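Worksheet: one structure, shown below.
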Amino acid sequence: MLSYVVMIPAITILLLIIGGIAALFIKPVEFKDSRTSVFISIMGSIAVVVLSFNVILNTLGLESQNSINRAKFTKEAIDKLWLFPNQLLKEAEHARPEFIASLYYNNATFYKLTNGKTTPSTLRSEAEEQYITIVLIQSWEDYLTLRNLDHTGEIVWLHNFIQWAQSPYLKKKYDAIKYNFSQSTIDFGDLLFEYAARIPVPSENPTVYKETVEKLLKDTRLQQIFKTTGH
């Protein structure tokens with residue numbers, strides 16, 4: 001069965017063709033006051049209404065599809081920028097415990113389990129921690145590129161990112177490899193670490209993150225980063 005998107009334009013075109021054919025065989029003087037004139041005028045008016053209705057339906061359809069696309073993108077963004085990094089941390093086999101715990105300073109239990117402990121680095125631990133660092137920074141870069149395409153919201157993303165930025169271990173590795181990323185990502189990361197340094201460790205008061213993020217969003221440097229990335 002043909003959808004209304006196809007049927008409505010087809011009917012409209014058919015009406016216009018009929019009107020055009022009729023105009024070829026009807027004399028203008030006689031046609032002016034004839035019933036055929038009235039009929040074709042009515043058909044022309046109907047065609048205009050039908051076309052307008054079709055435009056409205058297409059617009060609504062596009063808006064609905066855009067909403068579906070944004071919902072789908074939101075799911076994909078959450079999977080890639082948040083769930084995957086957390087899964088990576090959960091499944092890490094060689095990263096030092098204090099490195100993993102430092103990315104969750106909002107969790108006092110993690111902090112207590114590793115506070116004061118120093119695990120010797122190994123080649124594998126360094127490699128895995130660097131890989132985790134790259135994934136986290138790439139999440140920040142992807143966020144700047146795609147932030148307007150999902151429904152998650154600035155506060156939610158920044159709330160999560162600033163928790164990672166509390167890690168002194170992440171900061172050290174970030175400083176070593178940040179120049180592999182775009183300047184906007186570097187500026188964004190520097191701001192995250194700057195604001196994260198204002199949050200106490202461990203952070204048992206969850207509202208401190210929201211308050212810090214609200215201040216960060218008002219920072220003209222962050223607004224300039226958003227402007228630079230074209231969103």
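The values are calculated or read from the model by the stated rules, or taken from the named source; none is laboratory data. Everything numeric in this text was worked out from a predicted model, so none of it was measured. Note that each Cβ is placed from the backbone with ideal geometry, even for glycine, and that neighbours are counted across all protein chains shown.
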Exercise. Only one of these is outside the structural domain of SER182 (by TED's automatic domain parsing) and among the hydroxyl-bearing types (Ser, Thr, Tyr): THR109, THR74, THR119. Name it.
Key: THR74
Quiz item: Filtering the range 188-231 down to residues that are of a type outside the set (A, V, I, L, M, F, W, C), without any contact (Cβ under 8 Å) to a residue 40 or more places away in the chain and assigned to a loop (DSSP other than H, G, I, E, B), which residue is farthest from PHE161 (Cα to Cα)?
Solution: GLY230
Quiz item: Right, GLU93: over 26 Å from SER184 (Cβ atoms) and in contact with a His (Cβ under 9 Å, 6 or more places away or on another chain) or not?
Solution: no
Quiz prompt | GLU204 being surrounded by fewer than 17 Cβ atoms within 10 Å (Cβ to Cβ) and either at pLDDT below 95 or of a type in the set (Phe, Trp, Tyr) (or both) | solution = yes
Exercise. Tell me, yes or no, whether the range 151-167 has at least one residue that is surrounded by fewer than 18 Cβ atoms within 10 Å (Cβ to Cβ), under 26 Å from THR119 (Cα atoms) and touching a residue at least 24 places away in the same chain (Cβ under 8 Å).
Key: no
Quiz item: If you go through the range 221-229 one residue at a time, do you hit one that is of a type outside the set (Gly, Ala, Ser) and within 15 Å of SER139 (Cα to Cα)?
Solution: yes
